[in-house]
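Accompanying notes for the structure given below.
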Amino acid sequence: MTRRMSLAVAVLGGLGALAASGPGARAAEAQVMIDNFSFSPAELTVAAGTHVTWTNRDDIPHTVTSREDPRVLKSPALDTGDSFAVALDTPGTHHYFCMLHPHMQGTVVVQ
Amino acid sequence: MDETYDVPAIKAVSGKPEGGQGRRGLLKCMVWAGTGVLWTVSGGVPQSRLIAMAEAATPGAAASAAGELSFIQISDSHIGFANPPNTDTPGTLREAIGLVTRQKADAAFMLHTGDVSQLSKPAQFDTAEQIIREAGLDVHYVPGEHDVLVDDGRAFFERFTPGAAKGWYSWDQQGVHFVALNNVQDFKAGGLGNLGAEQLAWLQKDLVERSASQPIVVLAHVPLWTVSQEWGWGTDDGAQALTLLRRFGSVTVLNGHIHQVMQKVEGSVAFHTARSTAFPQPAPGTAPSPGPIKDVPAGRLRSMLGVTRVSRVQGQSGLAIIDTPLGA
């Protein structure tokens, strides 16, 4: 896995295993589920450095895409069972949506 | 005339028909029973009549008697989708193409109103293209949001809209002007389908010198009218496109995306959405989400999938639209 700027990204198929954390570090983890065309929880607050993983449990693909540029969250289309993991290292608020179904929206606050 | 005529009866395609007296009640039952509905619009006054299954299934029976131009619409083949209620979307697409082949008669061409694939994968495009080719008709495509997931849709446009790098284009056929629009890119958070300023400017230029008496057919994946704000079934700047179209005497807007037949008439503009060839979606407000209807009653899937045939009716300003399901 590459680490660019302050974030690390992995897209994982199938089982939705979590991204490996750095050597010796045991990062906090948080999960967001996608069910019935909605993110749950839709609002999530985490400590800086937390690995956040989105998992699509719908039969229809979805994306996790930042609302604002630059797009810190930018997943490819997640098929059924796919996961997308990001280490959010910098405090701030990330508003995101699904590029396929833009009525689906969520927020991650990094403290 | 600006009266609005809604046809809620068509919702019955995704639910049990309700009893009822009069034409609407009858339509519900007949649609559920798998009968075609012939829809004509004349001078802004919508008229519908039922066609017996046998007549609907007879190649060109209604259309050849009525009009000089016919074409077929298919939609939402979602090749790559393999979950309940349909684990064989290539199979149902092939059945749809078989129905097209039996019905095509004098059809001039076919339209595919998007979501050819589930995930924009080359193999999915290959499979769809090979099956659709079996109809032996020229096909005009517009992209669905599932078709432009990779590289801003370049692979889709190169393959399915050659010469139209952004997926919008127009052509004329036997006096009818066809406009293909792309309303599935650059979605905004919280928004609906999107045409964008560049495409609207192109549309304005495309239409500006045309006579108001020329029939116009618009195809786009997401409905240009708002079917459901909550589910994102509409186009944010669709009203701007419709403003450009309103001066024409006959406008027919053909969409997909919602995997069920819905019709609406506003003045001289008739809106119609086609069934999918892959899986049905619920009517707005009848389910927690717009996802596939999974619990389709045994043996009923094919009553919820289908193809659409459109004909220009000689001497009338509108077009006749016949929806035929794949099965009862």
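The values are calculated or read from the model by the stated rules, or taken from the named source; none is laboratory data. Quick caveat: nothing in here was measured; it's all calculated off a predicted structure. Please note: Cβ atoms are built from the backbone with ideal geometry, for glycine as well, and neighbour counts cover all protein chains shown.
Summary of values
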item: Test: B:Asp106 is charged (D, E, K, R) and within 14 Å of another protein chain (Cβ to nearest Cβ); result: no
item: Qualifying residue in segment A:4-24 (condition: at pLDDT 95 or above and either within 12 Å of chain B (Cβ to nearest Cβ) or within 23 Å of B:His78 (Cα to Cα) (or both)); result: no
item: Test: residue in segment B:174-183 that is in contact (Cβ under 8 Å) with a residue 24 or more places away in the chain, in contact with a Phe, Trp or Tyr (Cβ under 7 Å, 6 or more places away or on another chain) and over 12 Å from B:His221 (Cα atoms); result: yes
item: Per-region count, segment B:119-128, residues among the polar types (S, T, N, Q) and either exposed (fewer than 15 other Cβ atoms within 10 Å of the Cβ) or within 14 Å of chain A (Cβ to nearest Cβ) (or both); result: 2
item: Close pairs (6 angstrom Cβ cut-off, 6 or more residues apart or separate chains): farther than 17 Å from B:Tyr169 by Cβ in segment B:191-210, of a type in the set (A, V, I, L, M, F, W, C) anywhere; result: B:Gly193/B:Val222; B:Asn194/B:Phe187
item: Residue among A:Ala85, A:Ala48 that is more than 10 Å from chain B (Cβ to nearest Cβ) and more than 30 Å from B:Ile293 (Cα to Cα); result: A:Ala48
item: Lone unmet requirement of (1) under 16 Å from the mean Cα position of the chain (by Cα); (2) more than 16 Å from B:Leu305 (Cβ to Cβ); (3) in a loop (DSSP other than H, G, I, E, B) for B:Asp115; result: (2)
item: Residue tally, condition in a strand (DSSP E or B) and more than 14 Å from A:His95 (Cβ to Cβ), over segment A:30-51; result: 10
item: Residues of segment A:53-78 classified as out of contact with any His (no Cβ under 9 Å at 6 or more places or on another chain), surrounded by 17 or more Cβ atoms within 10 Å (Cβ to Cβ) and either acidic (Asp, Glu) or more than 13 Å from chain B (Cβ to nearest Cβ) (or both), total; result: 4
item: Qualifying positions in segment A:61-73 - over 16 Å from A:Ala30 (Cβ atoms), modelled with pLDDT of 95 or more and either not in a loop (DSSP other than H, G, I, E, B) or not hydroxyl-bearing (Ser, Thr, Tyr) (or both); result: A:Pro61, A:His62, A:Thr65, A:Ser66, A:Arg67
item: Near pairs, Cβ below 7 angstrom, 6+ apart or cross-chain, from segment B:129-154 (away from chain A (no Cβ under 14 Å)) to any residue that is among the hydroxyl-bearing types (Ser, Thr, Tyr); result: B:Ala135/B:Thr101; B:Tyr141/B:Thr161; B:Val142/B:Thr113
item: Flag if B:Phe160 is of a type in the set (Phe, Trp, Tyr) and within 14 Å of chain A (Cβ to nearest Cβ); result: no
item: Criterion (within 14 Å of chain A (Cβ to nearest Cβ), without any contact (Cβ under 8 Å) to a residue 40 or more places away in the chain and not small (Gly, Ala, Ser)) met by exactly one of B:Pro297, B:Pro282, B:Pro288, B:Pro292; result: B:Pro288
item: Top-ranked residue in segment A:88-111 [being free of Cβ contacts under 8 Å to residues at least 60 places away in the same chain and either in a strand (DSSP E or B) or among the β-branched types (Val, Ile, Thr) (or both); ranked as nearest to the other protein chains (Cβ to nearest Cβ)]; result: A:Phe97
item: B:Arg312 vs. criteria out of contact with any His (no Cβ under 9 Å at 6 or more places or on another chain), modelled with pLDDT of 95 or more, basic (Lys, Arg) and more than 15 Å from B:Pro223 (Cα to Cα); result: no
item: Criterion (part of a loop (DSSP other than H, G, I, E, B) and of a type in the set (Phe, Trp, Tyr)) met by exactly one of B:Phe271, B:Phe279; result: B:Phe279
item: Residue match in segment A:28-38 (condition: under 22 Å from B:Ser120 (Cα atoms), surrounded by 22 or more Cβ atoms within 10 Å (Cβ to Cβ), away from chain B (no Cβ under 14 Å) and at pLDDT 95 or above); result: no
item: When residues of segment B:222-250 are limited to those that are β-branched (Val, Ile, Thr) and out of contact with any Ser or Thr (no Cβ under 6 Å at 6 or more places or on another chain), the one nearest to B:Ile293 (Cα to Cα); result: B:Val227
item: B:Ala96 vs. criteria within 24 Å of B:Asp323 (Cα to Cα), out of contact with any Cys (no Cβ under 8 Å at 6 or more places or on another chain) and assigned to a loop (DSSP other than H, G, I, E, B); result: no
item: Single match in B:Gln199, B:Gln204, B:Gln214 (criterion: assigned to a loop (DSSP other than H, G, I, E, B) and not small (Gly, Ala, Ser)); result: B:Gln214
item: Qualifying residue in segment B:112-123 (condition: more than 20 Å from A:His101 (Cβ to Cβ) and in contact with a Leu (Cβ under 6 Å, 6 or more places away or on another chain)); result: no
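Residue-wise test of (1) surrounded by 15 or more Cβ atoms within 10 Å (Cβ to Cβ); (2) modelled with pLDDT under 95.
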| residue | (1), (2) |
| --- | --- |
| B:Arg159 | yes, no |
| B:Trp171 | no, no |
| B:Val184 | yes, no |
| B:Gly191 | yes, yes |
| B:Glu230 | no, yes |
| B:Arg247 | no, no |
| B:Ser250 | yes, yes |
| B:Glu266 | yes, yes |
